[in-house]
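Rule-based calculations on the coordinates, nothing more; no lab input. Nothing here was measured: the structure is a model prediction, and the numbers come from that model. Cβ placement follows ideal geometry from the backbone for every residue including glycine, while neighbour counts extend to all protein chains displayed.
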Amino acid sequence: MSHFFTFLFRVPLPSTHCPVVEQLNGYPICQLRPGHDYPFHLPPQIINVVDILHSNERTVVYLGLCEDNTELALKFSNIEDISAEVGAYDAFEGLHGTVLPKMYGALIGKDRIGKKIPCLVLERFGDRLTRRFGDLQKTEKAKILNKLAEAHRAGLFPLPFSERHVVVKDDDYRLIGLGCAERHDPPCCWTYDFTAHVQDDDIKPTDPSAQCGSLKSWAEYMRFWDHGKLILSRTILISKSDKLPPQHIVDRLSTAIGMSSDHDYIMTDRKQIGAKYLAIVWEQMTKHGMLLEDVQKLLKYYSYLAHKEWHEERNEVFVPLPGMNFSAYKPR
Ligand SMILES: [Zn+2]
């Protein structure tokens, strides 16, 4: 019985920067067979290659459809990278289908002169994350961090790790791209459950359940703990207070803070003005019943009011930038 898989590349597919696949002998109809080093967990069949999921100079990942319509992610790259990644997947089989996508194995094709072209065959799990970690809901940050912690506990130190190495499907996540993964040495003893701590603003540095520098720094990078601070316009840290909106509202209130024609604001000034701005907006929403959508149409105006108040408290004249001057504006 034939061990060959027939890849039928739908042409034309979008062009890629990675020419490796077009060098396959017979392209767009190519024969690939399982590699000898690892078992392959699908029977030989025709795979329809219908789209490109991702590509860069070194790698291209195609969407393949099995005869029963199971979706596959077919990753082509050079033999060294694919071998390293298949080895990492194989070593952590216990994480397949929970932390990592399921791996079916590796297939080998050949170019016209017989040089091997390898293909890593994975379950197609959703799509790559398109939002920055810091912009995700805290519950979603917790799920991703718990996956990373599970990988660590199993001994896998995924490298590289970033937004580009996380795929999402129906609010569940998998880590991908194990080309440079390492062993977690010494073993990771992290047991802190991020999902169980979604309400927490802080963590004690000595918490014995959270003693892995790498995991902790990823959690800080994602701003999982706010340490009692709101962050406005991505840069201004302001102490939380019951007079200020919660972070998920602050995230919708980004505006220019520290804008004037004749004043150089230092960060302390920007924090003070930012706090005034948020207090003004929150009062509009909580005391005057304004909806967020309506408040959002007036952010520059509220920023103007905050600047004006701050300068007045210092007995200074506020000279707004052109376009930020609302001195003649009267809200309805
Ligand atoms: Zn760790």
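General remarks:
- Under 5 Å from the amide H of Asp51 lie the amide H atoms of Leu63, each residue being 5 or more positions distant or on a separate chain, with H modelled from the backbone and absent for Pro and chain starts.
- For q = 0.06 Å⁻¹, Debye-computed log10 I/I(0) when each Cα of the chain counts as one equal scatterer: -0.34
- Using alpha carbons only: equivalent-ellipsoid semi-axes of the stretch 128-221, gyration tensor based, whole Å: 19, 18, 10
- Whether the stretch 229-313 is rounded, prolate or oblate, judged on the alpha carbon gyration tensor where a/c under 1.5 counts as rounded: prolate
- When each of Lys287/Lys308; Lys204/Lys287; Lys169/Lys287; Lys216/Lys240; Lys169/Lys271; Lys204/Lys271 is checked by Cα-Cα distance, pairs over 28 Å: Lys204/Lys287; Lys169/Lys287; Lys169/Lys271
- Estimated FRET transfer efficiency when R0 is 22 angstrom, pair His3-Arg112 (beta carbons, to 0.05): 0.55
- Its alpha carbons considered, the stretch 1-118 gives a radius of gyration followed by a Dmax of 13.6, 40 Å.
- Among Tyr62, Tyr89, Tyr38, residue whose mean-square fluctuation peaks in a GNM of the chain (springs only between Cα atoms under 10 Å): Tyr38
- Taking the average, over residues, of other Cβ atoms within 10 Å as the packing measure, peptides 291-299, 170-178 rank 170-178, 291-299 from highest down.
- Electrostatic tally near Trp225: other residues with Cβ closer than 9 Å to its Cβ, Lys and Arg +1, Asp and Glu -1, net -4.
- The chain, relative contact order [Cα under 8 Å, separation at least 6], %: 10
- Average Cα contact separation per residue, the stretch 32-181, under 8 Å, 6 or more apart, as relative contact order %: 23
- Each peptide in 320-330, 42-52 was scored by the mean count of other Cβ atoms within 10 Å over its residues; highest first, the order is 42-52, 320-330.
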